[in-house]
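Heads up, the thing below is written out as structure tokens.
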Amino acid sequence: MTITPSIRVLHVFGMLNKGGAETRTMDIYRTINKSQIQFDFVVHTNEKCFYDDEIVSMGGIVYKGIPRFEFFNVFSYYKIWKAFFKNNPYNIIHIHTTNSALPILIAAKKQNIKVRIAHARIADENSFLRRAFVALNRYPIRKFSTYMLAVSEIAGEFAFGKNFSVIPNAIDAGKLRYNINSRKTIRNELGIEDCFVIGNVARFHFQKNHLFLLDAFKEVKGTVPNAKLLLVGTGELKDIIQAKIDELEINDSVMLLGVRDDVEKLLSAMDIFALPSHYEGLPGVALEAQAAGLKTLISDKITKEAAIVDELVEFLKIDEGVSSWVNKIVDFYQNVNYDRRDTYDNFVEAGYDIKSVASWYEKFYIETCIEQKSWNIRL
């Protein structure tokens, strides 16, 4: 007998590919009690997305065709959402795109959706106009949201200013445990058995600062000839990144692996992880690297909340050029000999494992929706 869930939560994303926010939400979706709570999704694209089929297999709906929000289409965008909610009433709306959140929140309130959640995922924007837009929206978002969540303090301060709650950006830490067999298999498949492997998992976007990483890797190669760089992901800067690789003449040493569904195995295959981002909310991939027992180098622009396993993480400056990154990577290669230990307990103790966070979301959705309680947000 099929049990109909008592609560349907509508999540709003730009797309449903393997980005950080999408992956974290899918981890929760897989874990949550779907006999009580079901997730549906709206995306701002008509394209096939990475997670579409899995969502449908778990009983979810993926709505497509809503145009992307632009500054000039705010009124038409609002009308589209008002019509959507009129035809598709939901218990809860959970918005992960804070740039476009305000017209969605207003439309949801007009259509009497009681629980309206805005979720801050990033801590900056790459243009003055976008930063100004976020600043102008802080007060009205607070007014039309019933709850404001953030992946970190700096993400919440950037999007909302105040009155938000930080909820850990949970990962499936058990699945990400270091696996020696996966390491051997992947390194053999990629032909990098005897190489020193530097890794990065991120969409190809300005935020992630791939060009900086390529410059650093070029210098590392001067000292570590057997170094390889694995770039996992894709995105709008793919052609620019490929052109940079050509310019630096490192084609034989950089591997563009695209979007993968075996990231946990790739992390086991790496020797060190580098994330020189210009900004982040709280990067889930940095947590994943630590869960795999990897030495993890992180930009000083990223919140210190990203360090779950202190001995694995170092924050390095990006404004002073690549030298500190090059020196740290080379020093690690030449002098550091460490065993990849199991870090699962660190994530459980810090409250970042998916089971505890999914349990929290279950209670949160149920008590705010069915029982109409005033929820004291605390994990």
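The values are calculated or read from the model by the stated rules, or taken from the named source; none is laboratory data. If you're wondering where the values come from, they're calculated on a predicted model, not measured in any experiment. Reconstructed Cβ throughout: ideal geometry from the backbone, glycine too, with neighbour counts over all protein chains shown.
Laid out as a table, the results:
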| read-out | value |
| --- | --- |
| Conditions (1) surrounded by 14 or more Cβ atoms within 10 Å (Cβ to Cβ); (2) in contact with a helix residue (DSSP H, G or I) (Cβ under 8 Å, 6 or more places away or on another chain); (3) of a type in the set (S, T, Y); number of the one not met by Y63 | (1) |
| Of all residues making up segment 264-284, the number that are hydrophobic (A, V, I, L, M, F, W, C) and at pLDDT below 95 | 1 |
| Qualifying residue in segment 141-151 (condition: of a type in the set (G, A, S), out of contact with any Cys (no Cβ under 9 Å at 6 or more places or on another chain) and touching a residue at least 12 places away in the same chain (Cβ under 8 Å)) | yes |
| Enumerated helices (runs of 4 or more DSSP H) restricted to segment 276-370, each holding at least 1 residues that are more than 18 Å from D172 (Cα to Cα) and assigned by TED's automatic domain parsing to the domain that holds F39 | 354-369 |
| Given (1) among the hydroxyl-bearing types (S, T, Y); (2) surrounded by fewer than 21 Cβ atoms within 10 Å (Cβ to Cβ); (3) within 16 Å of the chain's Cα centre (by Cα), index of the condition S152 fails | (2) |
| Selected residue [assigned to a loop (DSSP other than H, G, I, E, B), of a type outside the set (V, I, T) and not assigned by TED's automatic domain parsing to the domain that holds L267] from E157, E193, E125 | E125 |
| Any hit, segment 67-78, residues being surrounded by fewer than 20 Cβ atoms within 10 Å (Cβ to Cβ), touching a residue at least 24 places away in the same chain (Cβ under 8 Å) and over 25 Å from Q111 (Cβ atoms) | no |
| Restricting segment 86-119 to residues that are over 21 Å from L16 (Cα atoms) and of a type in the set (G, A, S), the residue that is surrounded by the fewest Cβ atoms within 10 Å (Cβ to Cβ) | A107 |
| Segment 260-275, residues that are in a helix (DSSP H, G or I) and of a type in the set (D, E) | E264 |
| Helices (runs of 4 or more DSSP H) contained entirely in segment 18-94, each with at least 2 residues that are at pLDDT below 95 and in the same structural domain as Y147 (by TED's automatic domain parsing) | 20-31, 74-87 |
| In segment 175-190, residue modelled with the lowest pLDDT [restricted to those that are in a loop (DSSP other than H, G, I, E, B) and surrounded by fewer than 20 Cβ atoms within 10 Å (Cβ to Cβ)] | K175 |
| Residue in segment 42-57 that is under 29 Å from P283 (Cβ atoms), among the β-branched types (V, I, T) and surrounded by 21 or more Cβ atoms within 10 Å (Cβ to Cβ) present | yes |
| In segment 314-337, residue surrounded by the most Cβ atoms within 10 Å (Cβ to Cβ) [restricted to those that are closer than 17 Å to A286 by Cα and β-branched (V, I, T)] | I329 |
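Conditions (1) basic (K, R); (2) farther than 24 Å from S127 by Cβ; (3) in contact with a Phe, Trp or Tyr (Cβ under 9 Å, 6 or more places away or on another chain); (4) in contact (Cβ under 8 Å) with a residue 60 or more places away in the chain, marked per residue:
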{"site": "L248", "(1), (2), (3), (4)": "no, yes, yes, no"}
{"site": "K265", "(1), (2), (3), (4)": "yes, yes, no, yes"}
{"site": "D271", "(1), (2), (3), (4)": "no, yes, yes, yes"}
{"site": "P276", "(1), (2), (3), (4)": "no, no, yes, yes"}
{"site": "E280", "(1), (2), (3), (4)": "no, no, no, yes"}
{"site": "A286", "(1), (2), (3), (4)": "no, yes, yes, no"}
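Residues checked against (1) of a type outside the set (S, T, Y); (2) modelled with pLDDT under 95; (3) crowded, with 21+ Cβ neighbours inside 10 Å:
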{"site": "H210", "(1), (2), (3)": "yes, no, yes"}
{"site": "A216", "(1), (2), (3)": "yes, no, yes"}
{"site": "D239", "(1), (2), (3)": "yes, no, no"}
{"site": "E249", "(1), (2), (3)": "yes, no, no"}
{"site": "D261", "(1), (2), (3)": "yes, yes, no"}
